[in-house]
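Written out below as structure tokens is the structure these notes cover.
The values are calculated or read from the model by the stated rules, or taken from the named source; none is laboratory data. Only a predicted model underlies this, so the values are computations on that prediction, with no experimental measurement involved. Glycine gets a Cβ as well: all are built from the backbone with ideal geometry, and neighbour counts include every protein chain shown.
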Amino acid sequence: MVKQGRSASKVNHSNLLSKTSMLSKTKPNSDKTLTVVANAAKDSSDTCVIASGTNIEGKFNAAENVRVDGFMKGDVKCSQRLVMGETGRIEGKVHTKDAIVMGKIEGEVVVEGTLHLKGTALIKGTITAKFMIVDEGARYVGECKIGA
């Protein structure tokens, strides 16, 4: 029996797919791209969190703010603000609108706006940013292009 106003065939396929692939022993698609998209009526406070102990490998694209406390290897693209906690680590290319870094990045970092390196930050590689703030104790090794 179907209650009035409800559809019997309504199934959240994306939720079902994610549960199936997490429990499945088969290998996922070889295309290692993870895309995170917020709702069209996006709230600027939406944040994707990569928790400590989480490992992600491949391409990562986010249309919202991202907080990284885990490990990511590959290309990371964030359309808004990227915040890296002290336990956060990225190996690869990072492209974002703004960034606050307290963790470690090895690779190319491109920030369209402001890059803020907190006291525990370490970047090894090429930095390109419009503005950069470096707190006491922060370190970077490599080429740095500010104002680009």
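Miscellaneous remarks
- Single condition residue 99 does not satisfy, out of (1) over 17 Å from the mean Cα position of the chain (by Cα); (2) under 18 Å from residue 88 (Cβ atoms): (1)
So that you can scan it fast, the table gives a plain yes or no per residue for (1) more than 23 Å from residue 133 (Cβ to Cβ); (2) touching a residue at least 24 places away in the same chain (Cβ under 8 Å); (3) surrounded by fewer than 19 Cβ atoms within 10 Å (Cβ to Cβ):
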site	(1), (2), (3)
53	yes, no, yes
61	yes, yes, yes
66	no, yes, no
87	no, yes, yes
91	yes, no, yes
98	no, no, no
103	no, yes, no
106	no, no, yes
110	no, no, yes
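Conditions (1) aromatic (Phe, Trp, Tyr); (2) part of a loop (DSSP other than H, G, I, E, B); (3) modelled with pLDDT under 50, marked per residue:
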residue	(1), (2), (3)
16	no, no, yes
31	no, yes, no
39	no, yes, yes
45	no, yes, no
72	no, no, no
87	no, yes, no
96	no, no, no
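- Residue identified as within 23 Å of residue 59 (Cβ to Cβ) and hydroxyl-bearing (Ser, Thr, Tyr) among 114, 87: 87
- Looking across 128, 114, 120, one residue alone is on the phi < 0 side of the Ramachandran plot, surrounded by 14 or more Cβ atoms within 10 Å (Cβ to Cβ) and not in a strand (DSSP E or B). It is 120.
- Condition met for residue 147 (at pLDDT below 95 and out of contact with any Ser or Thr (no Cβ under 9 Å at 6 or more places or on another chain)): yes
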